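Trainee: Sharing a structure with you now.
Please treat every number below as a calculation from the coordinates, not as lab data. Everything quoted here is computed from the prediction, not taken from an experiment. Here Cβ is always computed from backbone atoms with ideal geometry, including for glycine, and neighbour counts include all displayed protein chains.
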Amino acid sequence: MSAISRLLFALGWVSPPEQDSCWGERPPVKPSDRRSSPRHPASPNEANIGWWAGEEFHSVAGKFRDISSGGALILTREEPPNKHVWIGLVKPVETRWCPVRVVRVRETSVGLIEIGLAFEASCDSNLFKILIQRDHLV
């Protein structure tokens, strides 16, 4: 028993472990989710992710897996060469391009590239609404 535990016991604020019930010691505090906003699975969609390469704008097809007001997860076949890219929907509705920052990149077991994105500002409300609606079909 630590000195603090003995002091608290002496003051009558806690009971010693041997007098506690059969529950044992209190488990450690669960860490909170690191995200400040919840992720939502994306409805069926077709998207583009693009970036500037010198004077040329390069874009590749992708698909949103999930989205929150602070970021998104997108699958594509090509890894962007830099951390500042643009995303937009093609289907079910075409949206304007939104600036995002790449926060992580991982290759999946089937050879696709999974890209974690953070919105530079809050998520475009049209993009968010479209991606969380379940009644759209691609």
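Trainee: Need one number: nm distance between label points at SER2 and VAL105, each 7 Å from Cα along Cα→Cβ, rounded to one decimal.
Mentor: 4.4
Trainee: Which net charge results for the neighbourhood of GLU46, defined as the other residues with beta-carbon distances under 12 angstrom from its beta-carbon, given Lys and Arg at +1 and Asp and Glu at -1?
Mentor: +1
Trainee: Please name whichever of SER59, VAL85, ALA118 sits farthest to the positive end of the charge dipole of the stretch 40-132, dipole taken about the Cα centre and charges placed at Cβ: Lys and Arg +1, Asp and Glu -1.
Mentor: Checked the options; the winner is ALA118.
Trainee: What is the ratio of the Cα radius of gyration of the stretch 40-132 to 2.2 N^0.38 Å, with N the residue count, to two decimals?
Mentor: Rg over 2.2 N^0.38 Å, computed on Cα atoms: 0.98.
Trainee: Can I ask one more? Only four residue types carry charge here, +1 at the Cβ of Lys and Arg and -1 at the Cβ of Asp and Glu. Report the dipole size of the stretch 38-129 about the Cα centre in Debye, rounded to the nearest 20.
Mentor: Dipole magnitude for the stretch 38-129 comes out near 340 debye.
Trainee: Within 11 Å, Cβ to Cβ, of ARG65, how many net charges do the neighbouring residues add up to if Lys/Arg are +1 and Asp/Glu are -1?
Mentor: 0
Trainee: Contour minus end-to-end for ARG39 and ALA118, with contour as 0.36 nm per residue of separation and end-to-end as the Cα-Cα distance?
Mentor: Full extension of this stretch gives 27.2 nm more.
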